[in-house]
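Before any comments, here is the structure.
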Amino acid sequence: MVMQPSSPVVIRRPSGMIAGLTAAWAIFGLFLAIDSELGLPPGSLYKMVGLAFGIPSSYAVYLGFTMYMVTAVIIGIAYSTISKQVKILNINSLIKGLATGILAGVIVWLVLFLPLNNSLMQPTLQKMLNSANHNSEEYVLAKQFLQLSSTIYFGSLALHIVFGGVMGFCARLAVANTSVVHD
């Protein structure tokens, strides 16, 4: 019996998932830096998201971080799928990858961040301010976040632009057949 050489195993990498995760990790450090710059404990931004969903304080940062990563994967997959399906959005150059990624970041900010912030986060923070013990960590965080709400709006826009740029760059790397700059 003659053994046939086996064909190489090809592992297809889901480019959108990788692009979204890479972009999320790229700005993860910025979230921690922002917490530090604002005088907040590390992970405060994630913690507030968890608290808004009713998770106990000790676990809230973990849920917030998990939701952030899952959302980044979903955004990356949607971005990659749309850019493959819509001819004008095909990522055939580095510039186009960066531009479409940044555009996607701004759209996500408008369609996802602003509505969630206005309809969920701001009311939750206000409710915490009205009902929490004035000496509790939740009260102090809610008060700080409410005072910083305009800074959070514009800072979030900047983070979404960076996220989109990194995602678009990584998506270009994933789909490039030859040159990363252009096909």
>> Condition (residue is of a type in the set (Ser, Thr, Tyr) and out of contact with any Gly (no Cβ under 7 Å at 6 or more places or on another chain)) applied to the range 85-97: is it met by at least one residue?
In response: yes
> Does at least one position in the range 133-140 carry a residue that is in a helix (DSSP H, G or I) and either out of contact with any helix residue (DSSP H, G or I) (no Cβ under 9 Å at 6 or more places or on another chain) or among the aliphatic types (A, V, I, L, M) (or both)?
Replying inline: yes
>> I need the full set of residues from the range 38-58 which are under 20 Å from the mean Cα position of the chain (by Cα) and in a helix (DSSP H, G or I), in order please.
In response: Ser44, Leu45, Tyr46, Lys47, Met48, Val49, Gly50, Leu51, Ala52
> Can you tell me which of Ile88, Ile95, Ile77 is assigned to a helix (DSSP H, G or I), more than 20 Å from Phe31 (Cα to Cα) and touching a strand residue (DSSP E or B) at 6+ places or on another chain (Cβ under 9 Å)?
Replying inline: Ile95
> Phe65 is checked against (1) buried (at least 17 other Cβ atoms within 10 Å of the Cβ); (2) free of Cβ contacts under 8 Å to residues at least 60 places away in the same chain; (3) not in a helix (DSSP H, G or I) and fails just one. What number does that condition carry?
Replying inline: (3)
>> Give me the residue from the range 137-183 that is modelled with pLDDT under 85 and small (Gly, Ala, Ser) and, out of that set, nearest to Pro41 (Cα to Cα).
In response: Ala174
> Is it the case that some residue within the range 26-36 is aliphatic (A, V, I, L, M), more than 14 Å from Val166 (Cβ to Cβ) and either touching a helix residue (DSSP H, G or I) at 6+ places or on another chain (Cβ under 8 Å) or in a loop (DSSP other than H, G, I, E, B) (or both)?
Replying inline: yes
> (1) closer than 18 Å to Trp25 by Cα; (2) touching a residue at least 40 places away in the same chain (Cβ under 8 Å); (3) surrounded by fewer than 17 Cβ atoms within 10 Å (Cβ to Cβ): which one isn't true of Ser44, the others all being true?
Replying inline: (3)
>> Out of everything in the range 105-152 that is β-branched (Val, Ile, Thr) and over 19 Å from Ala60 (Cβ atoms), what residue ends up being nearest to the chain's Cα centre (by Cα)?
In response: Val108
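What residue, of Leu63, Leu51, is within 19 Å of Met121 (Cβ to Cβ), out of contact with any strand residue (DSSP E or B) (no Cβ under 7 Å at 6 or more places or on another chain) and modelled with pLDDT under 90?
Leu51
The values are calculated or read from the model by the stated rules, or taken from the named source; none is laboratory data. Note that the structure is a prediction, hence the values are computed from the model and not measured. A quick note on method: Cβ atoms are made from the backbone with ideal geometry, for glycine too, and the neighbour counts reach across all protein chains shown.
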